[in-house]
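The values are calculated or read from the model by the stated rules, or taken from the named source; none is laboratory data. Please read all numbers here as calculations on a predicted model, not as lab measurements. Keep in mind that these areas ignore ligands, DNA and RNA; they rest on the heavy atoms of the full protein, side chains included. Shrake-Rupley method; radii C 1.70, N 1.55, O 1.52, S 1.80 Å.
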Amino acid sequence: MESRESERGDGGGAGGFRSSCEIAIHVFDLARAEAFYTRVLGARLVSRSDEQLELDTGSLRLFVNRDASTPRSYIPSFDVPDYAAARRQLETAGCRTVPAGTHADGVYFCDPFGFVFDIVERR
């Protein structure tokens, strides 16, 4: 019988992808989002800029990005040891990039099934 480790993966694949406890969303109105997530849901504001809120929600870190386009669903984040290598691997595997507004690298990735996710270089 396989262990739970082998069922969920050890992140030791070619790109070293590991899920993080971070999720991003994109909204039209940061002030309204801040009021909702802090007052209604009780999240703690970690940082605020004109373009992004960073909220501690307990088990997850929520990044709320200002975006004039259509809001997106939740965007999970994966940590990788080498952003450039991971990006090449994803693009070779058929993932396409999609605009991410003011996100640091300006792109998210769309997998072959249409789901959007982010990668962040962390060693």
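Quick one: which residues, 5+ away or cross-chain, put their amide H under 5 Å from the amide H of His26? H built at 1.01 Å from N.
Asn65, Arg72
Roughly speaking, what is the stretch gain from Tyr74 to Asp111, that is 0.36 nm per residue apart minus the C-alpha to C-alpha distance, in nm to one decimal? Don't skip to the answer; put the middle values down first.
Working: separation 37, 0.36 × 37 = 13.32 nm, distance 1.44 nm.
11.9 nm is the gain from fully extending Tyr74 to Asp111.
Accessible area per residue, 1.4 Å probe, Å², for the range 55-123: what's the number?
Details: 3990 Å² over 69 residues.
Spelled out: the 1.4 Å probe surface of the range 55-123, per residue, equals 58 Å².
Please turn the phi angles of the range 112-123 into ³J(HN,Hα) values with the Karplus equation 6.51 cos²θ - 1.76 cosθ + 1.60 (θ = phi - 60°), one per residue in order, whole Hz, x for glycine and proline.
Karplus-based 3J(HN,Hα) across the range 112-123 equals x, 9, x, 7, 9, 8, 10, 10, 10, 6, 9, 8 Hz.
Need one value: the accessible area of Asp29 in square angstrom, 1.4 angstrom probe, rounded to the nearest 10.
Result for Asp29: roughly 70 Å² accessible.
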